[in-house]
């Protein structure tokens, strides 16, 4: 059974020439927070070969605080 561990992450996003820099940064954070199955598989393979730690990552879910879905 997989154990879910919550880890806080801070993204520092620099924006330029944006009329609404905060909105642009939130959209960018939401975009960059998505992790593909291929990235998870690659991490697990590198970890298997190069790390003394055992176990695999099964999934990564992220939530971007302050990001809305409205128009």
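Structure data summary
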item: Residue order, fewest to most beta carbons within 10 Å, for 8, 51; result: 8, 51
item: Angle in degrees between helix 37-50 and the longest Cα principal axis of the chain, rounded to the nearest 10; result: 40 degrees
item: Degrees separating the helix 21-32 axis from the principal Cα axis of the chain, which is the longest one; result: 20 degrees
item: Rg over Rh [alpha-carbon atoms, Kirkwood Rh] for the chain; result: 1.08
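Coordinate-derived values only; no laboratory data. Quantities reported herein were computed from a predicted structural model and do not represent experimental measurements. A quick note on method: Cβ atoms are made from the backbone with ideal geometry, for glycine too, and the neighbour counts reach across all protein chains shown.
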